[in-house]
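The values are calculated or read from the model by the stated rules, or taken from the named source; none is laboratory data. All values derive from a computational prediction rather than experimental measurement. No Cβ is skipped: glycine too gets one built from the backbone with ideal geometry, and neighbour counts run over all protein chains shown.
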Amino acid sequence: MTGTALAEALGAAAAAGPLRYVITGGPSSGKDDLIEAILDAQIPCMEAEPGREIYRKHRARLGRHLRREDRHEYSLEVLDAFISEFTRHKHGIRFFNRGIPDGYGWDAFFGLGPTPQLEQANRIYRYDVVFVLDPLDRFEDADDVVWAQDREIRRVHELIVQGYYDAGYEPVFVPPNSAVERLDFICANLRLPKPSRGA
Amino acid sequence: MPKKSPASQDVIYGLQQVLRRGLPVTSATGSLTELRGVVARAVDPTDAPSRTSALNGLLQSLLARFKDARYAEAVRALFGLPPALPGQNLTQRRSAAAVSAGHEVHHFRKRVEPRLIEQLAADLLADADGFTRTKAIAPRLTPAGARPRVPADPFAWEVAEEEEAVSRLWAAIYGLRAELVAIERLVSLGSEEAQIVPRAVTAAWMWGRASAAAVAHGQAYGRNDGQTPDVMLSLAGWTPPLPAPLATRLREAASTADSRREFLASVRGDVELGNAWIRPFLSTAIDEESR
């Protein structure tokens, strides 16, 4: 639920130019829950990350897993989707479910250099604030992280973070808390009133 | 390319060098740019400025997430991040850090600063550990606890798919190894050719499958970490050296056959391949007998 103060702040912002805020982080960072909390608070937000659907389409078209040579094509299509999302937003506040510089993390994870298109897009399309969600602590000891998947997911997260530094941002790290607490943290950081949640 | 991360003392020394001028680091700082986490983050790991840029990102991200809340702001100021101001020298940054931590500046420099640098060095080394790649070691397995959940995220899908591929690759390598061990056991027992040859055929099938899995893995996930398909296959054990065209024929026959029977049917007429694969196993047997 949007509080009156928050609704007023969003209304005032809507009359002005665009403010674009990125929510990013590796898998298992609790991004989906936070996006849901943002939407619940009726703050404008990009709901679905375009990469998911594009990934599914690529898989379906290829009929196999993505190979090294397929990944640039995939990332360019994702880049187009992010640019389109970016340019469509003209007024007021909007949160973005990942952003253009996530492409640096994708490329780095697969040992690929950034494409000229990504470099150019990063120069042209700049977000106002980037929020990085650090991975949520799971109830396990660090020594239990034995599955390659878990280790790799941590690595993905760090490469995404590095991508934003490479892109010239200084991300704000959002502590691993509940989605509601994280949203309050973000609102405080942006000097926005906290969403009202009723009694 | 570094194979081993620097020692703790080297990292502490590197951080002390960084501290003199503060962030951003403008030139290569010895051991710090050798850290695996830095190399992995660099857009071009062979390029010193690229590694320096990666080091800046890593240090900023670690300082932004410094775990000791009491000293988080102080350590950031010490290294030149806000609340320190751009262009401040070490004396000014240290003074800002001491104020932030609520200490007298000499006490801060002597007692607190070394601990903060040690903590940051430990964070750098822990990060480097996360970037250790052990591709030539089969994944360590532990009893399953909770059901694993793959987040709905393209990165996570790719990571999960790679783990599938790695698991299948190692399954194929161990399957091949089992057959190669069986052959050498039969040879050691002085078994008849009629017992060894069927095992060698099975080993050929397993080799072809493992080889196809290794090639596919390299094509999909090759990250220049030195694990070529040949290196991966050699982990299974000794096999007869095959010229490239024969290796290709064997790999193709094995990867398109759903069973050993199908594989055998497809290679039965290939005398050149049969001789190249089976004879060396038998000649090993003869060598053993002649000892």
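Per the listing A:D107, A:D102, A:D33, A:D80, the residue uniquely over 24 Å from A:L133 (Cβ atoms) and within 17 Å of the chain's Cα centre (by Cα) is A:D80.
Of the conditions (1) out of contact with any Lys or Arg (no Cβ under 9 Å at 6 or more places or on another chain); (2) modelled with pLDDT of 95 or more, B:L78 fails just one. Which one is it? Of the numbered conditions (1) out of contact with any Lys or Arg (no Cβ under 9 Å at 6 or more places or on another chain); (2) modelled with pLDDT of 95 or more, the odd one out for B:L78 is (1). Of the numbered conditions (1) assigned to a loop (DSSP other than H, G, I, E, B); (2) surrounded by 24 or more Cβ atoms within 10 Å (Cβ to Cβ), A:K90 satisfies every one except a single condition; which is it? All conditions pass for A:K90, except number (2).
For every residue, the table says whether it meets (1) in the same structural domain as B:L59 (by TED's automatic domain parsing); (2) among the basic types (K, R); (3) assigned to a helix (DSSP H, G or I); (4) more than 30 Å from the chain's Cα centre (by Cα).
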{"site": "B:P82", "(1), (2), (3), (4)": "yes, no, no, yes"}
{"site": "B:P86", "(1), (2), (3), (4)": "yes, no, no, yes"}
{"site": "B:T91", "(1), (2), (3), (4)": "yes, no, yes, yes"}
{"site": "B:A96", "(1), (2), (3), (4)": "yes, no, yes, yes"}
{"site": "B:S100", "(1), (2), (3), (4)": "yes, no, yes, yes"}
{"site": "B:F108", "(1), (2), (3), (4)": "yes, no, yes, yes"}
{"site": "B:E113", "(1), (2), (3), (4)": "yes, no, yes, yes"}
{"site": "B:Q119", "(1), (2), (3), (4)": "yes, no, yes, no"}
{"site": "B:L125", "(1), (2), (3), (4)": "yes, no, yes, no"}
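Screening the stretch B:58-109 for residues that are within 14 Å of chain A (Cβ to nearest Cβ) and of a type in the set (F, W, Y) and picking the one that is surrounded by the most Cβ atoms within 10 Å (Cβ to Cβ) gives B:F79. Residue check: A:I186 meets all listed conditions (1) of a type outside the set (D, E); (2) surrounded by 14 or more Cβ atoms within 10 Å (Cβ to Cβ); (3) out of contact with any helix residue (DSSP H, G or I) (no Cβ under 7 Å at 6 or more places or on another chain); (4) at pLDDT below 95 but one, namely (4).
Across the stretch B:39-67, the number of residues qualifying as in a loop (DSSP other than H, G, I, E, B) and under 17 Å from A:V172 (Cα atoms) comes to 3. In the stretch B:209-230, the count of residues that are of a type in the set (K, R), buried (at least 21 other Cβ atoms within 10 Å of the Cβ), in the same structural domain as B:F281 (by TED's automatic domain parsing) and within 18 Å of B:R260 (Cα to Cα) is one or more. Against the condition in contact with a strand residue (DSSP E or B) (Cβ under 9 Å, 6 or more places away or on another chain), farther than 19 Å from A:D166 by Cβ, more than 14 Å from chain B (Cβ to nearest Cβ) and assigned to a loop (DSSP other than H, G, I, E, B), how does A:A9 come out, does it pass? Here the answer is no, as A:A9 does not meet what is asked. B:A216 meets each of the listed conditions (1) within 26 Å of B:R251 (Cβ to Cβ); (2) more than 10 Å from chain A (Cβ to nearest Cβ) apart from (2). The sole residue among B:F108, B:F66 that is touching a helix residue (DSSP H, G or I) at 6+ places or on another chain (Cβ under 6 Å) and more than 22 Å from A:D134 (Cβ to Cβ) is B:F108. Output yes when any residue across the stretch B:114-126 is touching a residue at least 40 places away in the same chain (Cβ under 8 Å) and at the interface with chain A (Cβ under 10 Å from one of its Cβ atoms), and no when none is. No: zero hits.
Of all residues in the stretch A:38-53, those that are free of Cβ contacts under 8 Å to residues at least 60 places away in the same chain and in contact with a helix residue (DSSP H, G or I) (Cβ under 7 Å, 6 or more places away or on another chain) total 6. Considering the stretch B:128-177, and only residues there that are more than 26 Å from B:A54 (Cα to Cα) and of a type in the set (K, R), the residue that is farthest from the other protein chains (Cβ to nearest Cβ) turns out to be B:R177.
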